[in-house]
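All of the numbers you see were taken from the coordinates with simple rules; none came from a lab. Computed from a prediction, not measured in an experiment: that's the story for all the values here. Don't worry about glycine lacking a Cβ; one is built from the backbone with ideal geometry, like all the others, and counts go over all protein chains shown.
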Amino acid sequence: MKTSRKTFIQSAAAALAFPAIVPSRVLGAGSPSHMIHIAQIGCGRIARDMDARGFLGTKGAMLVGFADLDSKRLANMAAWAKEAYAKQKKGKVEFTLVKDFHDLISRADVDAVSISTPDHWHAQVAVEAAFAGKHVYMQKPASLTIREGRIFSNAVTENKRIFLLGSQQRSWKHFIDACEYVRSGRLGKITKIQIGLPGDPAGGRTEEMPVPENLDYDFWLGSTPQVYYTEDRVHYQNKDVSARPGWLRCEQFGAGMITGWGSHHLDIAHWAMDWEKIGPTTIEGKGVFPTKGLWDVHGPYDIHLTYPGGVDMHVWDKYPNGIRFIGEKGWIFVSRGATRATASDPVAPGTALKALDASDVKLISGEPEVKLYRHGLAHHQHFIECIKANKESVVPAETAHRSCTACLLSWIGMKLGRRLTWDYKTETFVNDPEADALLARTERAPYGAQRAYDRLAKQKKS
């Protein structure tokens, strides 16, 4: 990194007093709609089932453009959104449809972006959008690598943008309740946290296939290495968009369920324990990685993260899907119950358990002594209100980066299979060059979050 690591990390904590950046047409007396204009980047499963859908039903927001590297998905999303707005009787709605997201973030009438791309594109789009003056709603996980996460967090804070990660559990009452009860000391000293996450299957077709004419595959690969096209490596052309795509199971584009669901559950653990600005001190992990087929993200895993104070966070695929806080006075368990984020999400054993439970009902009864960030809104609505009020969200960029870091440290622990010592202040391992080598990946030109940050920061300075 060209700037010193200390300087680069410190900048993420700066610039939290946001200036007046709300568009005048939103607050002006003559404003007819008071709308925040949003560009949806990525038009696949998560966009249709969660993010574009979420903003379509959000007061004060209007989707004005879509970007996707698959022209078929782009057209289908526009038709779907048009029909949805027609049902809301919004009148005639026209969208700008583009392949390249730069054509949307360069527009003066776009206030914010919703990033629902594959994981390997999250950080770069966030960096470029922030430098373009756009507020950022982004799906988790926050980044493909820890170094990439630091870059995106700095870009957002340095450019004083409102950011919200798609960690919708922070907007669900029972998760907030659980965190408040833990923070209030209901369990006494916390000794252990148990986190259960679902897994992904191995498999995937390996035969090379012709690239569909409607897909810009080289652009889609982005900063990751050039590899031949096969459908199970990308997304399906002739299945419903809600089908779980193959890229989720390829390490080239993500780390698997340790970041896919881990970003949700480890984030809740951080929130409950007041660990949002720190991280674990040691990592010990083991995992099984497939050796046959195309899909190579981890299978079964067993990870221990030790946090300051000696608290052991045990992340294990054999636990029920959720978070259990164990202390001197009992335990509190919180999960989604049987709720799925999307229809295609796998369901792990144990989802029939209560969404909020405890060893003694008194532990989760009455008013908690400590109150956390409660906004009382749907997650996407919260983002819009934060923009209008010029207010930090419930999951700002640095918080998103720190929870993703814990997930990626778990992945590194699985890869190396030995005890690692982490310095969360410098975001490096202690005397471990082999582990440090896994903090970043080589970026394929002309793509990459680091490359985008360096170019845009230089332009801004000049």
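See the values below:
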{"item": "Compactness of the range 60-150, expressed as Rg and Dmax over alpha-carbon positions, Å", "result": "14.0, 45"}
{"item": "For Asn214, residues with placed amide H under 5 Å, excluding near neighbours", "result": "none"}
{"item": "Distance cut-off 17 Å, percentage of C-alpha pairs in the range 45-108 lying past it", "result": "38"}
{"item": "Tail fraction, Cα-Cα pairs, the range 306-462, threshold 28 Å, whole percent", "result": "46"}
{"item": "Unit Cα scatterers, Debye sum, the range 252-291: log10 I(q)/I(0) for q = 0.14, 0.17, 0.20, 0.35 Å⁻¹", "result": "-0.43, -0.61, -0.79, -1.13"}
{"item": "Fewest-first sequence of Ser242, Ser143, Ser153 by Cβ atoms within 10 Å of each Cβ", "result": "Ser242, Ser143, Ser153"}
{"item": "Residue order, fewest to most beta carbons within 10 Å, for Asp70, Asp103", "result": "Asp103, Asp70"}
{"item": "Cα-Cα over 23 Å, subset of Lys160/Lys460; Lys134/Lys391; Lys89/Lys239; Lys189/Lys391; Lys59/Lys99", "result": "Lys89/Lys239; Lys189/Lys391; Lys59/Lys99"}
{"item": "Calculated FRET value between Ser106 and Ala378, using beta carbons and R₀ = 30 Å, to 0.05", "result": "0.55"}
{"item": "Vicinal HN-Hα couplings computed from phi for the range 183-191 (Karplus, 6.51 cos²θ - 1.76 cosθ + 1.60; Hz; Gly/Pro x)", "result": "4, 7, x, 4, 9, x, 5, 7, 10"}
{"item": "For His135, net neighbour charge (Lys/Arg +1, Asp/Glu -1) across residues whose Cβ lies under 11 Å away", "result": "+3"}
{"item": "Rounded, prolate or oblate (a/c below 1.5 giving rounded, otherwise prolate when a/b exceeds b/c) for the range 369-460 by Cα gyration tensor", "result": "oblate"}
{"item": "Ser359-Thr191 pseudo-label distance in nm [points 7 Å out on the Cα-to-Cβ vector]", "result": "0.8"}
{"item": "Ser393 long-range amide H proximity, modeled H, under 5 Å", "result": "Phe163"}
{"item": "Per-residue HN-Hα couplings for the range 237-243 [Karplus 6.51, -1.76, 1.60; θ = phi - 60°; Hz; x = Gly/Pro]", "result": "8, 10, 10, 4, 4, 6, 5"}
{"item": "Distant alpha-carbon pairs in the chain (separation over 33 angstrom), percent", "result": "34"}
{"item": "Residue-averaged 222 nm ellipticity for the chain, from DSSP H runs of 4+ at -39500 (n - 2.57), nearest 500", "result": "-8500 deg cm²/dmol"}
{"item": "R0 of 25 Å, Cβ-Cβ distance Ser242-His34: FRET efficiency to nearest 0.05", "result": "0.15"}
{"item": "Sorted by Cβ neighbour density within 10 Å, fewest at the top, the residues Phe253, Phe95, Phe152", "result": "Phe95, Phe253, Phe152"}
